[in-house]
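Contents: one structure, followed by commentary.
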Amino acid sequence: DNLNDTFDFSDLKTKQNSKFLIYDRYGRIIFTGDESNNFIWNGKSNRRNLTGTSYWYLLEWQEPGEPSVVQYSGWLLLKNADFNSNY
């Protein structure tokens, strides 16, 4: 349906020491956000659709001129129609 198909943290481009990582349940990094992909994840890894399941993310950055690091982490549920035809 092309709704909510990306996890967009492109505002990280304006921060210092930005980090955006997506992990699978085994702790393997499946996506690394950076300026080349504008810190936007489309639910794929290496251009391949991923299985619909839970994934974890880590966001980290420093505000310009601030010494402290801001960090957020959490999980998301990916529902991929190519793998979960019931959704």
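The values are calculated or read from the model by the stated rules, or taken from the named source; none is laboratory data. Everything quoted here is computed from the prediction, not taken from an experiment. Please note: Cβ atoms are built from the backbone with ideal geometry, for glycine as well, and neighbour counts cover all protein chains shown. Calculation scope for accessible area: heavy atoms of the full protein, side chains included, ligands and nucleic acids excluded. Shrake-Rupley method; radii C 1.70, N 1.55, O 1.52, S 1.80 Å.
Side notes on the structure shown:
- Restricted to the range 29-60, and to residues there that are open to solvent by 60 Å² or more (accessible area, probe 1.4 Å) and among the β-branched types (Val, Ile, Thr), the residue that is farthest from Asn17 (Cα to Cα) is Thr51.
- Flag if Tyr57 is touching a residue at least 40 places away in the same chain (Cβ under 8 Å) and in a strand (DSSP E or B): yes
- Answer residue from the range 1-28, given it is of a type in the set (Asp, Glu), farther than 16 Å from Tyr72 by Cβ and under 13 Å from the mean Cα position of the chain (by Cα) and is least open to solvent (accessible area, probe 1.4 Å) among those: Asp24
- Any hit, the range 28-42, residues being within 15 Å of Asn80 (Cβ to Cβ) and among the basic types (Lys, Arg): no
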